[in-house]
Amino acid sequence: MTTVAGRRSPRSYSLLKRLTLAFSAAAIVVFALTGAFLYNALSTELQRRDDIEITGKLSQFLQLARDAGSTRALRDNPSVFHEVLLSHPGVYLAIFDRQGTLLLQHSDEPSANLWLAPAAHRANEPYTCGPAGIGPSRCVFADETLPSGESVHVLLVRAAAERQSLLESYRIDIWLAVAVGAALVGALGYAVARRGFSPVKSIGRQTSRIEAHNLSERLDIQGGPIELQDIAFSVNRMLDRLERAFVRLSQFSSDLAHDMRTPLANVISSSQITLSRPRTTDEYEALIDSNIEECERLQRMIESMLFLARTDNAQQHIKMVELDAESELRRLASYFQGLAEEAGVHFVVQGNARLFADATLLRRAVSNLISNALDHAFAGTAVELSLYDSPKYVAIEVANHGPAIPQEHADRIFERFYRVDAARHGSARNAGLGLAIVKSIMELHRGKVDVASSADRTTFTLYFRREIAV
Ligand SMILES: Nc1ncnc2c1ncn2[C@@H]1O[C@H](COP(=O)(O)OP(=O)(O)OP(=O)(O)O)[C@@H](O)[C@H]1O
Ligand SMILES: [Mg+2]
């Protein structure tokens, strides 16, 4: 993660490293579980084979004991038993008489009578045992009555040492496979993730190339993953907005510079001309008067600019109150009475409604519209201030009879510094910010402003929402 200052934050981490570690950890878990399962299966299978071996041998020895006929014959001729076991290393035999005396034993271990099976075990069923001198084993026993009437107890033991050493080496192999497998999966995961992240890096490279002078460039990750294409699409849309705002801002600052230059140039040139030779007091007074007028114009412009800048940054806190719109319009009409008489027009106020708005901003918006209406009204006509109520909006209309606004200009007159005819009378006084301010005010109220202009009548309408929430 990179901070605003361009440095990595102390808590940043590499997704690539995390993924590699996650892949390896997952591989260790999966391989270890699989290894444990296989180990168990092998251990069970080996034990089963040992059991089959000793139960098979047990029945063979029981048969041999029966064939011998008596315990004495058994003791006298043990070789037949030993021969059977020669080809079965690790398998031991002990035969006891009814009293538990050892009759025959195939083992190097002298203490074979300790092998006698505990009473808990059942005949012919292999069990885990650990005879002295042999260690962990599987045992099986059976009792048999010989033709002589004597009974014998035959015990077979299969030492687990061989099985355990096999399992031991298998266990080592499994751990080795787990380690190598995890390393391999980690390496492969790293390679795959690195490849997967290459479009991300490409986005990073492309965005870092975009600066103010090439804001028209767009991210291109054709063929990249869909998720990143979505991100690139969003970034591109953000760039569209930034580019539009940037163009507007550039236009705005050049218009601003242009509009401030005119009054300043007037002040400078008229001052220089006046000072070029001695003048009468009246001439100096006239110069100062005209300079004050230009400065006032500049002041108005700067004040409007500040107002717009504040509304742009949403720093303007608006205070919504319920207003009697009719009395507000009447008050504004009387405020503009003097100018109206100068222009030879009169006001007509009609309708009544209550609305929620910021009183100062509402007055400012309507004043801007009235001032425009007075500028453009034909002498002898009426400027109509009307109120309309609808379920959703309360509308304030300011209409005047005057030259129509051509359609191609109607959409643009709300832009800053836009004037339909900059050369027309009075445009030197006007900055072209009045309607931009009206629009900002209406946006602050989450309402809107509209214009309709026909042959000789122009109507501006302010729509205020009925809900109070702003
Ligand atoms: N009632 C109207 N009738 C005809 N044209 C209008 C009317 N109101 C506005 N306009 C046109 O829209 C343009 C923009 O109006 P706006 O109020 O923004 O600027 P301005 O009046 O020229 O300057 P400012 O209001 O900043 O002193 C005006 O220059 C004018 O050409
Ligand atoms: Mg205006």
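The values are calculated or read from the model by the stated rules, or taken from the named source; none is laboratory data. Fair warning: this is a prediction, and the values are worked out from it, not measured in the lab. Neighbour counts are summed over all protein chains in view; Cβ atoms, including those assigned to glycine, are modelled from backbone coordinates with ideal geometry.
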TODO: Looking only at region 348-359, decide whether some residue is at pLDDT 95 or above and either within 16 Å of ligand 1 (Cβ to nearest atom) or in contact with an Asp or Glu (Cβ under 6 Å, 6 or more places away or on another chain) (or both).
DONE: yes
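Of these, Gly204, Gly189, Gly224, Gly196, which one is assigned to a helix (DSSP H, G or I), at pLDDT below 85 and closer than 28 Å to Leu16 by Cβ? I'd like the intermediate steps shown before the answer.
Values: Gly204 fails: at pLDDT below 85; Gly189 fails: at pLDDT below 85; Gly224 fails: assigned to a helix (DSSP H, G or I).
The match here is Gly196.
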- [ ] Tell me which residues, restricted to region 136-187, are of a type in the set (Ser, Thr, Tyr) and in contact (Cβ under 8 Å) with a residue 12 or more places away in the chain.
- [x] Ser137, Ser148, Ser151, Tyr170
Task: Pair list, Cβ under 8 Å, 6 or more apart: region 292-305 residue more than 18 Å from Leu361 (Cα to Cα), other residue not in a helix (DSSP H, G or I) - done: Arg297/Arg429; Arg297/Ala431
Task: Number of the condition not met by Arg429 [criteria: (1) within 16 Å of ligand 2 (Cβ to nearest atom); (2) surrounded by 14 or more Cβ atoms within 10 Å (Cβ to Cβ); (3) at pLDDT below 90] - done: (2)
Open item on the list: Can you tell me which of (1) within 12 Å of ligand 2 (Cβ to nearest atom); (2) within 22 Å of Phe307 (Cα to Cα) is the one Val420 doesn't meet?
Closed with: (2)
TODO: Return the pairs, sorted by first residue and then second, in which the second residue is more than 7 Å from ligand 1 (Cβ to nearest atom) and among the hydrophobic types (A, V, I, L, M, F, W, C), the first residue lies in region 392-409 and is part of a loop (DSSP other than H, G, I, E, B), the beta carbons are less than 8 Å apart, and the residues are 6+ apart or on different chains.
DONE: Gly402/Ala377; Gly402/Phe378; Ala404/Ala455; Ile405/Val451
- [ ] Under 8 Å between Cβ atoms, at least 6 apart or on separate chains: pull out the pairs that start in region 368-391 with a residue that is in the same structural domain as Glu328 (by TED's automatic domain parsing) and more than 12 Å from ligand 1 (Cβ to nearest atom) and end on any residue that is outside any loop (DSSP other than H, G, I, E, B) and aromatic (Phe, Trp, Tyr).
- [x] Ala382/Phe347; Leu385/Phe347
